[in-house]
Amino acid sequence: MSAAILDGKKLAAQMRAEIAAGVAALKAEKGVTPGLAVILVGENPASVSYVTAKGKACREAGMLSREIRFPVDIPESRLIETIEALNADPAIHGILVQLPLPKGFSEKKVIDAIAPEKDVDGFTPVNVGKMLIGDDCFLPCTPHGIVKLIEVTGMDIQGKHAVVIGRSNIVGKPVAVLLSRKGRSANATVTLCHTGTPDLSVYTKTADIVVVAAGRPHTLTGDMLKPGAVVIDVGVNRVPDATKPKGYRLCGDADYESCAEVASAITPVPGGVGPMTITMLLWNTLESARRG
Ligand code: NAP
């Protein structure tokens, strides 16, 4: 294997130390403690573990964490009222609704209820629109974390060919927007691939950067890469594994072994993009509290 491992845990720990220092300074200077409210509806095991991890990270950074859990049959109107109350709560600077919501909820309606100035996930139409036109806004956490991880490689993104596999609103599309923006850590030529792309390897073979966010193991293999490419594997897939205590193991969308032989740097799963997503959430919450 030749690729360097892009250690998301290590970068996240460094950034979280900086964020914790920022939180302490804000408390000392202005008496303000950044507060994040996380709303969970239902008991989807993956969502429960994400919400728990977010609360823990928040407290470790010295922030206020408010977890609000609702049963799966809560009326949507009650959820929206809760969001509206949080919008008006001065102790709360960030509001996050854990997605996906159970069947029957309109994610669009629920996300729309979050005040854009507290939308630390960067999912409201106002923040998405601002990102698109290059206005100051909360950047979505996973895409922002991905850019930070590419920066760590020392590769100048400017002028490179970046291939993004996946066009979801929370990962693929915003990653493509961030990498193709004019400015620092951007200015790449971006190709956005999806299930309508007949042959991914036509594009990935000329890519300096490949971001794979398809939600399918083995979407990217080493023979699809140009030697020296940087691979960011966003996928989190549970693969049955009887040797593991939980009966499954996590794997990404890239075939790690074959990709690592060809790439210059690659993110592991777990321990790559995941820790950065939560870190950028803390970053946005601190920024929101600073803005007051
Ligand atoms: P999603 O909404 O299911 O979108 C997947 C995208 O990949 C779609 O655009 C789909 O194309 C495309 N796709 C699927 N199979 C493909 C294939 N064989 N070839 C080309 N394109 C393909 O998923 P998501 O929310 O973006 O998440 C993607 C993965 O990242 C999931 O495993 C998720 O768990 C993980 N994730 C991780 C983090 C983290 O913090 N680590 C955060 C978010 C998501 P179509 O549009 O044509 O259907």
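Going through the stretch 20-39 one residue at a time, which ones are away from the ligand (no atom under 16 Å from the Cβ), touching a helix residue (DSSP H, G or I) at 6+ places or on another chain (Cβ under 8 Å) and hydrophobic (A, V, I, L, M, F, W, C)? Outline the logic, then answer.
Here is the first cut: in the stretch 20-39, the residues away from the ligand (no atom under 16 Å from the Cβ) are 20-37, 39.
From the residues that got through so far, the ones that are touching a helix residue (DSSP H, G or I) at 6+ places or on another chain (Cβ under 8 Å) too are 20, 22-23, 26, 32-37, 39.
The answer is Ala20, Val23, Leu26, Val32, Leu36, Ala37, Ile39.
Can we say Leu200 is within 14 Å of the ligand (Cβ to nearest atom), crowded, with 18+ Cβ neighbours inside 10 Å and either more than 28 Å from Ala46 (Cα to Cα) or polar (S, T, N, Q) (or both)?
Details: within 14 Å of the ligand (Cβ to nearest atom): yes; crowded, with 18+ Cβ neighbours inside 10 Å: yes; either more than 28 Å from Ala46 (Cα to Cα) or polar (S, T, N, Q) (or both): yes.
The answer is yes for Leu200.
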Among the strands (runs of 3 or more DSSP E) contained in the stretch 1-114, which hold 1 or more residues that are in contact (Cβ under 8 Å) with a residue 60 or more places away in the chain?
-> 35-41, 94-97
Going through the stretch 161-177 one residue at a time, which ones are in a loop (DSSP other than H, G, I, E, B) and either in contact with a His (Cβ under 6 Å, 6 or more places away or on another chain) or small (Gly, Ala, Ser) (or both)?
-> Gly166, Arg167, Ser168
Tell me the strands (runs of 3 or more DSSP E) entirely within the stretch 211-292 that contain at least 1 residues that are modelled with pLDDT of 95 or more and surrounded by fewer than 24 Cβ atoms within 10 Å (Cβ to Cβ).
-> 237-240, 248-251
Taking the stated definitions as given, is Ile146 buried (at least 23 other Cβ atoms within 10 Å of the Cβ), away from the ligand (no atom under 16 Å from the Cβ) and at pLDDT 95 or above?
-> no
Members of the stretch 115-131 that are free of Cβ contacts under 8 Å to residues at least 40 places away in the same chain and either on the phi > 0 side of the Ramachandran plot or not basic (Lys, Arg) (or both) | Ala115, Pro116, Asp119, Thr124, Pro125, Val126, Asn127, Gly129
Quick check: is even one residue across the stretch 185-196 assigned to a helix (DSSP H, G or I) and within 14 Å of the ligand (Cβ to nearest atom)?
-> no
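Give me the residue from the stretch 2-21 that is small (Gly, Ala, Ser) and surrounded by fewer than 19 Cβ atoms within 10 Å (Cβ to Cβ) and, out of that set, modelled with the lowest pLDDT. Working first, answer last.
Our first condition is that a residue be small (Gly, Ala, Ser); within the stretch 2-21, this holds for 2-4, 8, 12-13, 17, 20-21.
Filter again for surrounded by fewer than 19 Cβ atoms within 10 Å (Cβ to Cβ), leaving 2, 4, 13, 17, 20-21.
Values: Ser2: 88, Ala4: 97, Ala13: 97, Ala17: 98, Ala20: 98, Ala21: 98.
Only one residue tops the list, namely Ser2.
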Kindly list the number of the only condition in (1) part of a loop (DSSP other than H, G, I, E, B); (2) exposed (fewer than 14 other Cβ atoms within 10 Å of the Cβ) that fails for Ala207.
-> (2)
Please determine, by comparing only the residues of the stretch 115-140 that are more than 18 Å from the chain's Cα centre (by Cα) and assigned to a loop (DSSP other than H, G, I, E, B), which one is surrounded by the most Cβ atoms within 10 Å (Cβ to Cβ).
-> Ala115
Residues (of a type in the set (D, E, K, R), under 14 Å from Leu132 (Cα atoms) and over 20 Å from the mean Cα position of the chain (by Cα)) located in the stretch 167-202 = Lys182
Picking from Ile111, Ile165, which residue would you name as being within 21 Å of Glu81 (Cβ to Cβ) and within 15 Å of the ligand (Cβ to nearest atom)?
-> Ile111
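The values are calculated or read from the model by the stated rules, or taken from the named source; none is laboratory data. Being a predicted model, the structure only gives us computed values, none of them experimental. All Cβ positions, glycine included, derive from the backbone under ideal geometry; neighbour counts span all protein chains shown.
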